[in-house]
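These notes concern the structure reproduced below.
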Amino acid sequence: MLLVLGVTLAAGPARPGPAADVGNNHTQVFVVPLSEDLHHTAGIINQVLRRVLVEQANLQVLDLEDKLQAQMPDKARRLQEQARKGLVAAKRAFQAMEYEQVIRQASKARQAFEKMGGHLAPLKRYQESILFIAVGHAMLGEKEPASRAFVDLLVQDPHLSLKKSSFAEFVKQLFARVKEGMASLPRGSVAVKTTPPGANLYLDGQLRGVTPQSLEGLVAGRHVVMVSMPGFQKWGQVVQVEAGGLVTLNTRLEAGRAGTGYLRLVEKAGRAVSDSSRLTEVLQLGQTLGLDWVWLCQLDHAESATRLTGFLFEFNHARVAYRSQVELEPSGYGLKEEVRLFGRKFLRRGLRALRALREEGDPLDAHTGTEDWYRDDSSSRRKNRDTRAREEVKHQESKHSSGDPLDDYDPTADW
């Protein structure tokens, strides 16, 4: 039986169970800037609203990463297999207390991971290879290289801890000293720019913003930078951040099969949703992605603010069920919280309007003007009461999710 090194990563928010009564609620949200200088802001708003969307119970939010992400290249798959073999060999050597072999095999695994670029995955296996290197050096009494490896590990995850039962006491003490000293290490910065802009930016596995983006105050050391945009190949690099230095990364993303066509489709739909004569362009988005309804937002300049207008478009009736807007501070101060509050209010009212549309139908369809001649007022009141009751139940069943597409099923659990 192989000895598995234990690493306890910081626990994120618990994932909710599957939503009940999903129904015809396959959906997603898109924010389309109507001005070139608003691309970055639109990307930030998009991230916030997607988190708001996945909080809502009974919705099946389309996983764009899964549906549109370009496939992993064969080279990356071969490198991942090399990394797997290296880790397995390192674990066997650790069990046999052959620590030089542990370092050799774990180093091979680490090198293979770092050559995978944007497809470096899963991150916890990469970190495990670094942990083997650190522990191997420590067991040989080589404190300096062991400390350097522990620093590399803690740079990526400052909250990492070691399972007490897995390591010798002096190894745990060395790790603890290194961890205590992390706060005093010098800092540096990373700036990332992509073409096209608006890609999700991850640093050491954590979503940190939208490109172009500068990340400051990073602990000097090796960091994993990754960029992801639906329809494009993932891009990534392990970079060395120096004390007081700035690492500048500028890359053109390689389009997959969906690539630029997907971006044009979203932009057309986002611009067309406010024009009833262009609804075909909105319908194409729903047909391509398999949506029941979509939350489209337009972002443009107002006189003294930035205006965000949201539309809830239902594809079966081919019409906007709900519309609302908010004016945001042009400076960006408090942007995320302001957008979060707007998004929750929009969904609360928009889903109510969507339900009414589906239950009542389009008022222009077969409408004679005499439908309520024989309606009993008491039945109308009961109907309104029942609708409010359903709303309250749905509100109480709301769930929460991290929304982070990297926090997913681990295909390497049986390595």
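Derivation of every value follows stated rules applied to the coordinates shown; laboratory data play no part. Model, not experiment: these values are computed from the prediction. Using ideal geometry, Cβ is built from the backbone for each residue, glycine included, and neighbour counts are taken over all protein chains shown.
A few notes on this one:
- Prolate/oblate/rounded call for region 187-252, Cα gyration tensor, a/c under 1.5 rounded: prolate
- Site pair GLU267 and GLU337 shows an inter-label distance of 3.5 nm when each label is modelled 7 Å from Cα along Cα→Cβ.
- Over 19 Å apart at the Cα level, from the set LYS85/LYS124; LYS85/LYS108; LYS108/LYS143; LYS91/LYS143; LYS67/LYS234, are LYS108/LYS143; LYS91/LYS143.
- Relative contact order for region 149-213, counting Cα pairs under 8 Å that sit 6 or more residues apart, in percent: 26 percent
- Computed on region 264-360, with alpha-carbon pairs under 8 angstrom and 6+ residues apart, the relative contact order is 19 percent.
- Contour minus Cα-Cα distance for PHE170 and THR248 (0.36 nm per residue): 24.2 nm
- Student exercise, region 72-184 dipole from Lys, Arg, Asp, Glu Cβ charges, in Debye to nearest 20: 380 debye
- Trypsin sites (Lys or Arg not before Pro) within region 213-293, DSSP loop, no more than 13 other Cβ atoms inside 10 Å: ARG257
- In order through region 110-122: 3J(HN,Hα) via Karplus (6.51 cos²θ - 1.76 cosθ + 1.60), integer Hz, x for Gly, Pro: 4, 4, 5, 4, 5, 7, 6, x, x, 9, 4, 6, x
- Of the GluC sites (Glu not before Pro) found in region 224-288, those in coil by DSSP whose Cβ has at most 15 other Cβ atoms within 10 Å are GLU242, GLU254.
- FRET efficiency, GLU100 to LYS163 (Cβ-Cβ, R0 30 Å, nearest 0.05): 0.80
- Protection proxy ranking, highest mean first, for peptides 200-206, 212-218: 200-206, 212-218, where packing is the per-residue count of other beta-carbon atoms within 10 Å, averaged.
- Around GLN156: net Lys/Arg minus Asp/Glu count, Cβ-Cβ under 9 Å: -2
- Region 72-184 shape via C-alpha gyration tensor axes, a/c threshold 1.5: oblate
- Seen from ASP292, the other residues with C-beta closer than 12 Å to its C-beta sum to a net charge of 0, counting Lys and Arg as +1 and Asp and Glu as -1.
- Averaged over residues, the count of other Cβ atoms within 10 Å places the peptides 111-120, 76-85, 124-133 in the sequence 124-133, 111-120, 76-85, highest first.
- Positive minus negative residues near LEU201 (Lys, Arg vs Asp, Glu; Cβ under 11 Å): +2
- Cβ-Cβ FRET estimate between LYS143 and ASN58, R0 fixed at 51 Å, reported to 0.05: 0.40
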